[in-house]
Structure formats: C-alpha cells, structure tokens
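Written out below as structure tokens is the structure these notes cover.
The values are calculated or read from the model by the stated rules, or taken from the named source; none is laboratory data. Here the structure is a predicted model, which is why all the values come from computation and not from measurement. Here the Cβ positions follow ideal geometry from the backbone for every residue, glycine too, while neighbour counts run over all protein chains shown.
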Amino acid sequence: MNSDQKRVNLIFACVVAALGGWTIYYLGSGQGQTPVIQPPAASNLPPDHPPLPENHPQIDYAKDLMALEQMSRANPGNAEYKTKIGNIYYDVGQYEKAAEAYQQSLALKPRDARVETDLAACLHYLGQHDKAIEILDRVLQYSPSFAQALFNKGVVLHAGKKDANGAIAVWEELLRSNPNLPQRAALEQRINQLKSGGR
C-alpha cells in the first residue's frame with residue numbers, strides 16, 4: 001500500500017470514528033429538521049476520497065470534535081471543553097447540538113455571558129425567539145453593556161420578532177454603552193435605515 005493510499009485510509013478512518021457516535025446521537029435525538037451544513041471544501045479531501053456521508057461536520061471539524069469529546073469525557077467538569085464542542089456544532093450549523101453543549105457548559109459554569117449569548121443565538125436560529133430574548137435579558141442583567149448580547153438582542157427583535165422599534169432601542173443602547181464599538185458607523189447606518197422605513 002503506497003503512502004497516498006495510507007493517508008486516504010487514515011483520513012477516512014478519522015471521519016468514520018468521529019461520525020460513529022455523532023450519527024447515533026443525531027438519529028436518537030429525534031431531530032425533524034435537516035441540518036444546515038456546508039459540504040466539506042474539495043480542497044480538504046484527497047482526489048480519490050470516497051463520498052462522505054450526508055449531514056456531517058467537515059473533516060477538520062470532525063477531528064477537532066472527536067478530540068474535544070475525548071478530553072471532555074476525561075475531564076467532565078471542564079466547562080470550556082463543552083463550550084468548544086458547542087462552537088464546532090455552531091460553526092457547521094448544528095444549532096440543536098450546539099445549544100445542548102452550551103447548556104452543559106453553563107451547568108458547570110453558570111453566568112458566562114459569552115456562552116449564554118451563543119446559546120441565545122442558537123435558539124434564534126431554531127426559531128425560539130422568545131427564549132433567545134429571555135436569555136439575552138438575563139445576560140444583560142448581570143452584564144448590562146456586553147456588546148454581543150445587546151447586538152444579538154437587536155437582531156432577534158428585528159429578524160425574529162419583526163420589532164424594528166425594539167431593535168432600534170437596543171442598538172442605540174449598544175452605541176451609548178460602547179462608544180468605541182468598531183462597527184459603530186455600520187450600525188448607525190442600519191439604525192437610520194430602519195428609522196426611515198427601510199428593511
């Protein structure tokens with residue numbers, strides 16, 4: 001067996017190992033929606049690689065996920081591993097699985113504004129806009145000027161709840177509480193568009 005064939009077999013073995021538990025979990029979770037996943041980039045795969053199963057993380061993500069899940073099992077009290085697992089699922093559009101990982105992280109380390117905000121984003125993408133706003137409001141109670149939570153609340157209000165006035169109010173608060181916001185000009189332009197009736 002030449003070195004190229006060995007490399008192909010090794011990559012395929014990593015994918016199969018990573019997907020074994022993931023596929024069982026996915027089928028057992030009763031998800032009714034087709035996950036929103038981009039197919040692996042062609043450059044990530046050798047030219048003669050066999051077709052990959054539908055609805056799975058990219059190869060690089062799969063390897064990272066497998067490693068993180070092994071580390072998490074070895075150290076179940078580490079919230080950061082759960083967060084990183086959630087981040088991978090979030091990046092590939094697996095919002096239900098991302099939300100579950102973030103919830104596990106928060107059970108170990110409550111009141112983490114960054115993780116709660118990411119959880120709220122998952123719920124928004126899953127259509128659970130009221131729950132997303134509830135979580136963001138909780139974050140803003142203990143971290144009132146946290147820029148990402150304020151920005152995301154505006155997005156949920158505007159895109160999810162169709163409440164342009166509510167979004168404007170939240171984004172104006174974001175600009176007041178974060179005067180050096182890097183995206184200030186773009187956000188001001190967006191607010192002005194909404195105020196003038198633009199979408």
In the stretch 157-180, how many are more than 18 Å from Ala132 (Cα to Cα) and under 22 Å from the mean Cα position of the chain (by Cα)? 0
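Residues are listed down the side, and each one gets a yes or a no for (1) surrounded by 17 or more Cβ atoms within 10 Å (Cβ to Cβ); (2) farther than 23 Å from Leu126 by Cβ; (3) among the acidic types (Asp, Glu); (4) out of contact with any Leu (no Cβ under 7 Å at 6 or more places or on another chain):
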position	(1), (2), (3), (4)
Ser143	yes, yes, no, yes
Gln148	yes, no, no, yes
Lys162	no, no, no, yes
Gln193	no, yes, no, yes
Gly198	no, yes, no, yes
Looking at the stretch 76-89, can you tell me whether even one residue there is closer than 26 Å to Ala159 by Cα, in contact (Cβ under 8 Å) with a residue 40 or more places away in the chain, out of contact with any Gly (no Cβ under 8 Å at 6 or more places or on another chain) and not assigned by TED's automatic domain parsing to the domain that holds Ala147? no
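Residues are listed down the side, and each one gets a yes or a no for (1) modelled with pLDDT under 90; (2) within 27 Å of Thr117 (Cα to Cα); (3) surrounded by 11 or more Cβ atoms within 10 Å (Cβ to Cβ):
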site	(1), (2), (3)
Val36	yes, yes, yes
Pro40	yes, no, yes
Ser43	yes, no, no
Pro46	yes, no, yes
Asn55	yes, yes, yes
Ala62	yes, yes, yes
Ala79	no, yes, yes
Gly86	no, yes, yes
Asp91	yes, yes, yes
The helices (runs of 4 or more DSSP H) lying entirely within the stretch 140-199 that contain at least 1 residues which are within 20 Å of Val115 (Cα to Cα) and modelled with pLDDT of 95 or more are 147-155, 164-177
